Amino acid sequence: MMAANVYASATEEGGAGDAQVLSGATIDCPDVATRLTSVPEQARPEVDKELAALDAQIADAYKRLGESADALRTDPGFADNAIAGPLKEKRSATLARIATAIDRVGDRPEGLEELAACAVRESGNAPAEPDAGQEGGNGEQGEQAGGGEEGQEQGDQGQGDQDQGQGQGDQGQGGNGGQAGNGPVAGDYVDINSVQPNVSRPQQTADASRGTFTSECGVNENGVFNSDNVIAAPGVSNGAHHFHDYIGNQATNAFSSDEDLAKADTSCVDQSDRSSYYWPVLRLQNGVQEQDANAPGGGIEGNVGEIVTPKEVTLTFVGNPRGEVTAMPRLLRIITGDAKSFVNGPGNANASWSCTGFEDRQLTDKYPLCPQGSDVVRTFDFQSCWDGRNTDSANHRTHMAFADAQGNCPSGFKPVPQLVQRIVYDVDAPSLDDGGKTTPLFAVDSFPEQLHKPITDHGDFINVFDEDLMNEMVACINEGRTCGAGAGGDGGNGGGDDGGNDGGDQGEEPQQPEEPTATPDDPGQGGGDGDQGNGGDKPGDDGNQDGGGNQDDGNQDGGADGNGGDKGNGADKGNGGDEGDGGQEQPSEAPADTPATEQPAGGATEQPGVKASTPAADAGAGAGDQGGKDGKDDGGQAAQAAEVPGSLPELEDGNGTGTQAQGGSLAETGAQLWPAALGGVLVIFGFFVLRSVRRNA
């Protein structure tokens, strides 16, 4: 039986209106949607509405928990009798309507009635007694280990003890569990420095589609939000029960038809991309009342605090490590991650968290604590295998699949361009020791019973590319090129100050190293870490994002290492790794007699004649770029080197700047030869004049 709990009013500490949320319990109900893998098309609209009704019933029950503090304290059976019992009755009626809707046009589903019962259980977010010390953290850990569905959370990179030690921080704001009392807690965070590199990517074959296509659609600076979910709950207002950020299509809501989406405005630079890209907002638990503070989906359901606008968003479509990709069908819908992973278990959890400069370390069940100068990174690697027939499915999953560890699609599925969505936030690491009072906690919006756990993060995509642009994308990726409105030399990732870093290597075919070339766990090599991830620093990446998706890794170096974005860019060198590798700014001028060993490129410390960490192919590509178009090279390296008098040929092999170095040597040689040649001509001319004078004499 649930212990007596303290309830936190969201009005405390500047919370949201009169909403009250339980801080010590959550409601576990089986997820019906994941069980309905086959629903006839004719029944789909009615079934979707009933599934949304199930979510609304849970939200109502959760709200009632928050309003029943006194009853729960005095009556141990109140939760079961007054909350779980009535909820089961409502769910039973709804499940019966679902079964009837399907039965009218197909085979009646079996076993739905078994999914009606729900349980009210300890959440781990309850405040400790005054002398409990670490009970907040311990409760969090006990909850993680006790729920089979939370199988991966008890691992947490061995951070259990650390999380428990920080548990007292959970008590900072009304027993915390976030400002509304339902999460997050200190145990939901981990220091990124304590996480070991864990990123792997498939080995590419000779037939791999290595290109990248980037679409630039901004960061939702327009402030387009709602708590709808047009994919999972079409036609249902507040179907998501949490706020979403939207970029791309500006008309996306629960009632958007395919025709509405096709003719809507878009925030994308290329107006032929009207696709919908959306995800739960990130909030600071700082007491700021947003537009939804007293509304369903917002404060009423425990989603409170200031909404954080991303610093940058990169949308990159990449290829397949085994072969060519085929075009996505128009209006294809994809959901990646699972908004209910805390209850459902981690089977469909896919979103990951990291920090700029550390993206070879990805977390699915923790929020990262990033060091000063490093930003929080949130990544979605969408499914890239399509069944070849359907643009959606009953559970919104079975028409799409992930490639396996080698990059192969399941039988009957074909590879399509994989959307890799990277969102960067400029938020500080929260102060866990005081529950976020000094520096506020941050967390994604969630269904109320999901407690704002990072494992519940998810992203949604509806393909509304014009057919011609989609075909252009496929050709670009299959031919190994780097294309798209966000792939230009100006960076084009909606990222503002770091944008210039993103387009550095865009005019050349991306080269992909197969193995990391710098020590990934050395914070000083932040750029190296990110660059060597090269888009593969996120689980599922094929590492083929050097030109597009890994533009960001140069940015990391600018932020984490303090070099300014321009140096993070070394992307012009081919893989962005060597130049972005956390070194000092390269001077625009240098004395002609500077020794070769004192002329580093982007902070490189390699000795003359020794290859830098960029693979040979990348170095060759970089040299070709710089030699042929140094005036256009966005990284600025070629232009800078062209200004260096007396560039020495010894730099050629050491820094992969062969053409650049040779250009300096030829100029110097020419400068020395012209005076000598002119003197020789004058001597010969004088000889002939003297001889002529003598003859005349």
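The values are calculated or read from the model by the stated rules, or taken from the named source; none is laboratory data. A quick note: this is a predicted structure, and the numbers were derived from the prediction, not measured. For neighbour counting, all protein chains shown are included, and Cβ atoms are generated from backbone atoms with ideal geometry for every residue, glycine included. Heads up: the accessible areas ignore ligands, DNA and RNA and are worked out on the full protein's heavy atoms, side chains in. Shrake-Rupley method; radii C 1.70, N 1.55, O 1.52, S 1.80 Å.
Tabulated results
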item: Selection count where residues are within 37 Å of the chain's Cα centre (by Cα) and either outside any helix (DSSP H, G or I) or among the β-branched types (Val, Ile, Thr) (or both), scope the range 90-108; result: 2
item: Matching residues in the range 70-95 - criterion: being among the polar types (S, T, N, Q) and surrounded by fewer than 14 Cβ atoms within 10 Å (Cβ to Cβ); result: 74, 81
item: Hey, residue 233 more than 19 Å from residue 306 (Cα to Cα) and open to solvent by 10 Å² or more (accessible area, probe 1.4 Å) or not; result: no
item: Residue list for the range 266-280, restricted to those being open to solvent by less than 10 Å² (accessible area, probe 1.4 Å) and more than 16 Å from residue 335 (Cα to Cα); result: 268, 273
item: Condition broken by residue 58, with the remaining ones in (1) aliphatic (A, V, I, L, M); (2) within 36 Å of the chain's Cα centre (by Cα); (3) at pLDDT 90 or above satisfied; result: (3)
item: Residue 63 being among the charged types (D, E, K, R), modelled with pLDDT under 85 and in a helix (DSSP H, G or I); result: yes
item: Condition met for residue 307 (touching a strand residue (DSSP E or B) at 6+ places or on another chain (Cβ under 7 Å) and β-branched (Val, Ile, Thr)); result: yes
item: Subset of the range 329-357 [of a type in the set (A, V, I, L, M, F, W, C) and open to solvent by less than 10 Å² (accessible area, probe 1.4 Å)]; result: 332, 334, 342, 351, 353, 355
item: Test: residue in the range 74-89 that is closer than 20 Å to residue 233 by Cβ, modelled with pLDDT under 90 and under 40 Å from the mean Cα position of the chain (by Cα); result: no
item: Pick from the range 312-326, criterion touching an Asp or Glu at 6+ places or on another chain (Cβ under 8 Å) and not in a strand (DSSP E or B), ranking: most open to solvent (accessible area, probe 1.4 Å); result: 324
item: Subset of the range 308-353 (residues that are touching a Lys or Arg at 6+ places or on another chain (Cβ under 8 Å) and within 30 Å of residue 30 (Cα to Cα)); result: 335, 341, 342, 348, 351, 352, 353
item: Any hit, the range 251-265, residues being within 17 Å of residue 446 (Cα to Cα), open to solvent by 10 Å² or more (accessible area, probe 1.4 Å) and touching a residue at least 60 places away in the same chain (Cβ under 8 Å); result: no
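Every residue, every condition in (1) at pLDDT 95 or above; (2) more than 24 Å from residue 311 (Cβ to Cβ); (3) over 16 Å from the mean Cα position of the chain (by Cα); (4) not in a strand (DSSP E or B), yes or no:
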residue	(1), (2), (3), (4)
357	yes, no, no, yes
383	yes, yes, no, yes
388	yes, yes, yes, yes
393	no, yes, yes, yes
397	no, yes, yes, yes
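Conditions tested, residue by residue: (1) more than 17 Å from residue 201 (Cα to Cα); (2) more than 15 Å from the chain's Cα centre (by Cα); (3) not small (Gly, Ala, Ser).
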position: 379; (1), (2), (3): no, no, yes
position: 420; (1), (2), (3): no, no, yes
position: 423; (1), (2), (3): yes, no, yes
position: 446; (1), (2), (3): yes, yes, no
